[in-house]
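The values are calculated or read from the model by the stated rules, or taken from the named source; none is laboratory data. Here the structure is a predicted model, which is why all the values come from computation and not from measurement. Because the Cβ atoms are built from the backbone with ideal geometry, glycine has one as well, and the counts that use them run over all protein chains shown.
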Amino acid sequence: MPLALVFGRTGQLARALAAAPLPEGWRLESVGREEVDLRQPKAIARTIEARRPEVVINAAAYTGVDQAEAEPLEAAAVNAFAPQAMAAAALEVGAAFVQLSTDYVFDGGKHGPWTEDDPIRPLSVYGQTKAAGEASALAANPRTIVVRTSWVYDAQGRNFVTTMLGLAAERDTLEVVDDQVGRPTSARDLAEAVLAVAVRAGVGPKPRYGVYHFTNGGAEVSWKGFAEAIFELASPRLVHRPEIRAVASAARAAPAARPANSVLALGRIIAEFDLTPRDWRTALAETIDEIAAARAGG
Ligand SMILES: NC(=O)c1ccc[n+]([C@@H]2O[C@H](COP(=O)([O-])OP(=O)(O)OC[C@H]3O[C@@H](n4cnc5c(N)ncnc54)[C@H](OP(=O)(O)O)[C@@H]3O)[C@@H](O)[C@H]2O)c1
């Protein structure tokens with residue numbers, strides 16, 4: 001029975017992968033920090049050699065974008081060297097490798113969606129370490145697929161959706177950036193896409209290996225527009241609706257710079273894997289309903 005070995009247990013994507021319906025005959029095993037600290041490449045290799053999976057999926061990462069500016073070595077260990085160790089160990093046991101990456105590998109300066117072949121120029125330590133992880137994994141194992149995504153959320157993680165709903169309970173006005181645009185991605189939808197990719201990468205039919213983009217579909221939106229959609233869907237069940245004021249990202253003085261345009265082109269993954277990314281508003285409505293149901297129940 002083919003095995004998908006997932007690094008990451010507590011994160012948004014890791015939890016969504018563990019909860020996703022598996023293709024018939026497949027098993028999935030998640031490896032958390034308590035079993036393997038990703039700063040230990042030898043432990044990564046030992047785990048892969050012991051389990052002998054058909055495909056390794058890396059759903060773990062150092063995702064503290066601002067924090068990474070102060071901890072570049074730790075971010076590099078997790079985001080650059082760990083994927084290299086995973087890809088190499090996967091090759092040793094004849095497994096394919098799926099690595100997650102980010103819109104933050106781009107500088108945001110393009111008009112229109114970024115394609116997989118556009119030149120990367122990360123603006124932050126996080127983006128640089130994720131870019132290094134892409135390159136090192138692709139070089140270490142020819143059966144590597146990198147899936148770049150953006151603006152990921154679920155019903156439980158610390159993400160933009162749960163943060164906005166939390167802040168709305170405390171404040172009447174919120175200032176939200178309106179000069180960065182992108183497309184939100186439900187962790188559930190991402191997990192289903194990653195599994196579809198992983199199964200093909202692991203046992204075929206052999207896909208084209210390399211870089212792909214996956215986000216939810218629909219029109220691009222700013223963080224302010226995303227916040228407005230969250231409150232539109234959540235009010236009045238979850239929160240009263242705060243007034244949202246636009247603010248420029250320059251005014252936020254965050255340690256890490258973010259791309260102004262994060263919109264990723266989806267054509268390649270749609271064509272190769274026959275996926276149909278849902279509109280981000282449809283996926284967001286589902287998650288908001290889930291949050292409302294959890295609060296009503298508990
Ligand atoms: N979130 C986004 O908006 C976003 C956007 C673009 C791309 N991505 C990419 O998508 C992927 C999934 O992101 P996510 O949102 O699911 O991330 P997340 O919720 O922040 O989860 C990160 C996971 O990595 C684990 N981890 C971090 N350092 C570790 C270490 N040293 N050893 C073992 N485990 C470690 C964490 O474990 P602990 O809980 O133990 O710390 C956690 O399970 C990542 O590759 C990320 O770069 C995310």
(request) For residues that are modelled with pLDDT of 95 or more and in contact with a helix residue (DSSP H, G or I) (Cβ under 7 Å, 6 or more places away or on another chain), scanning just segment 152-163, find the one that is nearest to the ligand (Cβ to nearest atom). (result) Val152
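Limited to segment 126-172, what total is found for residues that are within 23 Å of Arg295 (Cα to Cα) and not aromatic (Phe, Trp, Tyr)? Before the answer, list the steps.
Of the residues in segment 126-172, the ones within 23 Å of Arg295 (Cα to Cα) are 152-172.
Next, only the ones that are not aromatic (Phe, Trp, Tyr) stay: 152, 154-159, 161-172.
Going through segment 126-172 one residue at a time, the tally reaches 19.
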(request) Examine segment 108-123 for a residue that is among the hydroxyl-bearing types (Ser, Thr, Tyr) and part of a strand (DSSP E or B), and state whether such a residue exists. (result) no
(request) Could you tell me whether segment 100-117 includes any residue that is more than 14 Å from the ligand (Cβ to nearest atom) and either crowded, with 24+ Cβ neighbours inside 10 Å or of a type in the set (Gly, Ala, Ser) (or both)? (result) yes
(message) Going by what's in this entry, would Gly127 be described as surrounded by fewer than 21 Cβ atoms within 10 Å (Cβ to Cβ) and either over 18 Å from Ala43 (Cβ atoms) or basic (Lys, Arg) (or both)?
(response) no
(request) Kindly indicate which of Pro72, Pro83 is within 19 Å of Ala139 (Cβ to Cβ) and either modelled with pLDDT of 95 or more or buried (at least 18 other Cβ atoms within 10 Å of the Cβ) (or both). (result) Pro83
(message) Looking only at segment 249-298, how many residues end up being part of a helix (DSSP H, G or I) and of a type in the set (D, E, K, R)?
(response) 8
(request) Pull up segment 250-298, narrow it to residues that are of a type in the set (S, T, N, Q) and surrounded by 16 or more Cβ atoms within 10 Å (Cβ to Cβ), then point me to the one that is nearest to Ala193 (Cα to Cα). (result) Thr287
